[in-house]
Each structure stands twice: as structure tokens, then as C-alpha cells.
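Presented below is the structure to which this report refers.
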Amino acid sequence: MNYPLIDPVLIQIGPFAVRWYGLMYIIGFVLAYVIMRRVSRLKDYDMSRQEIEDLLAYCVLGLVIGARLGYCLFYNAGFYLANPLKIFAVWEGGMSFHGGLIGLVVTVSIFAYKRKKPFLTLADLGAVAAPPGLFFGRIGNFINAELYGRVTEVPWGMVFPGAGSLPRHPSQLYEAFFEGIVLFVLLYVIGKKTRTPGIILSLFLVFYGLMRFCIEFFREPDAQLGFIFFSLTMGQILSLAMVAFGVVLLAHRLKSR
């Protein structure tokens, strides 16, 4: 299949440019707000509209800071230790989902403490609202022709700009489908059947971790890292840690129920 060349810049007026990738983030946050409002009403959470807006603001801050620092630490620590000012050069790319998740946990914990809200309830709310943002984020990666897959002979393989002349798995689309659409449907349906705090968060960690671990077998490893050990990538190692933590949390919450 031919890769559909799309200009990463949606609109440019002089030095000001609106990029598709940034727009994907905005769409993801808007959908997260809509979902959080709906789930809060359906499950009768004690959350006002203003509190949800404030929580989302905390999440945006935690996600961006955590994703950037996570990338610098997990994927290119040597370079950023030698060039610490480059940490702030977010326009050059480099965001980590796992770092963003850690940032979210920290900021939601702070919000829960300050507003005297149960952390697990807030975390469940954020977990079910996150997959649409993951979907659009991966679509943004696809438009940028980045984070592409490994060389393949499947009929839907694509030749990505800057990735050589051989067709590769469009792994961004695999992730968009499974980590975005499938994960959201699973969490939303299960969330309607349980009221035990922490169940949705733990299932998010398990399901996302397993999906990401499997899809990484089709994704090209990061050039500066390659395989870490046993032919596993950094993304797979971090995803296994997610799954382990999710299983422990799930067992604890089921036992408490």
C-alpha cells in the first residue's frame, strides 16, 4: 500500500504553524473531558463540572511533563544528561507514554489530596477517558511518519518517508485500533458493571500493557536503544512492569470487594 503523504503542518501563517500532531492532542483532551463528564454522571461520582475541568487541567500538566521527562530518562538518558537544556526542546519530538502515565499518577494524587477526593475513583475516571486520546495520538504519529513498524511482506505494508525503500508495518495504526478503540470499549463496558474503585485503573494497566507488549513485536525499536535484552524493547519492558503492577492492584481490589 502507498503511504498517504500528509503535510504534518495543517495551517501555517508566517512563523505560526498548527500541526496535526498538536491538534490530535487537543482532540484527545476534549474527548477526555466529555467522557469524564458522562461517566461521572452515570456512576454518580461526587464531581462538579468545575472539579472535572480542574482535574483535566492537572492531567494535561502531568501528562506533558511526565511524557517528556520519561522519554529523556527511558529512551535517551545519556544524551539529555550531557545536554540538559535539550530537555525543554519539546518541538524536536520525544514523548513517552509510560512517562506520561507516571506524571498523571503524580498529578492526580496531588489533586485528590488537595480536594479530598478518593484517588482510585479519580484514577478510574481518567483511565476510561484516556484511550480516545491514545487513538488520536497514534494517528498523529502516523501523519508524522514516525514510530513506524518493522520491515514486512504483508500486503498492507507501507514505505515510510525516511525509513528506506522497504515496506513496513503501519504499527501506529495497530496501536490506534487496539490501544484506542478496543481498550476504550473494554473499559467502558466493564466500568458499567462494577463500582469497586481501582478495578478500571488496574484493567487499564493490564490491557494496555499486554496490547503494547504484543504490538511492539511489529514496531521498529528506537534507533538509539535497539533491543535491550532477550530481543525485548524498552517499550516492552516498561509494559511488562505495567502489567505486573496492574495484576497486583486488580487482585487487591477484588479481594477488598
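The values are calculated or read from the model by the stated rules, or taken from the named source; none is laboratory data. It should be emphasised that the depicted structure is a prediction, and the values quoted were computed from it without experimental measurement. Ideal geometry is used to build each Cβ from the backbone, glycine not excepted, and the neighbour counts take in all protein chains shown.
In the range 141-173, of all residues being aliphatic (A, V, I, L, M) and assigned to a loop (DSSP other than H, G, I, E, B), the one that is farthest from Met47 (Cα to Cα) corresponds to Leu166. Among the residues making up the range 153-176, none is under 22 Å from the mean Cα position of the chain (by Cα) and free of Cβ contacts under 8 Å to residues at least 24 places away in the same chain. Only a single item in (1) in a loop (DSSP other than H, G, I, E, B); (2) under 22 Å from Asp222 (Cα atoms) is not met by Leu81, and it is number (1). Consider the range 89-140 and keep the residues that are among the basic types (Lys, Arg) and in a helix (DSSP H, G or I). The one that is surrounded by the fewest Cβ atoms within 10 Å (Cβ to Cβ) is Lys114. Looking only at residues in the range 43-76 that are among the polar types (S, T, N, Q) and without any contact (Cβ under 8 Å) to a residue 60 or more places away in the chain, the one that is surrounded by the fewest Cβ atoms within 10 Å (Cβ to Cβ) is Gln50. Screening the range 208-235 for residues that are modelled with pLDDT of 95 or more and in a helix (DSSP H, G or I) and picking the one that is surrounded by the fewest Cβ atoms within 10 Å (Cβ to Cβ) gives Cys214. Taken over the range 236-257, the criterion of being closer than 30 Å to Gly94 by Cα and either acidic (Asp, Glu) or surrounded by 14 or more Cβ atoms within 10 Å (Cβ to Cβ) (or both) is satisfied by Gln236, Ile237, Leu238, Ser239, Leu240, Met242, Val243, Phe245, Gly246, Val247, Leu249.
The set of residues from the range 32-51 being out of contact with any Asp or Glu (no Cβ under 9 Å at 6 or more places or on another chain), part of a loop (DSSP other than H, G, I, E, B) and charged (D, E, K, R) comprises Asp44, Asp46. Within the range 189-207, the set of residues being in a helix (DSSP H, G or I) and touching a Pro at 6+ places or on another chain (Cβ under 9 Å) comprises just one member, Phe204. Starting from the range 202-226, keep only residues that are acidic (Asp, Glu), then list their pairs with residues that are assigned to a loop (DSSP other than H, G, I, E, B) and surrounded by fewer than 17 Cβ atoms within 10 Å (Cβ to Cβ) whose Cβ atoms are within a distance under 6 Å, requiring at least 6 positions of separation or different chains. From residues that are acidic (Asp, Glu), the pairs are Glu220/Arg150. Output the residue which, of all residues in the range 188-201 that are basic (Lys, Arg) and in contact (Cβ under 8 Å) with a residue 40 or more places away in the chain, is nearest to Arg253 (Cα to Cα). Here the answer is Arg195.
You will find that of Val189, Val185, Val243, Val248, the residue that is more than 17 Å from the chain's Cα centre (by Cα) and either polar (S, T, N, Q) or at pLDDT 95 or above (or both) is Val248 and no other. Each residue in the range 142-152 was checked for being closer than 15 Å to Pro221 by Cβ and within 18 Å of the chain's Cα centre (by Cα), and 4 pass.
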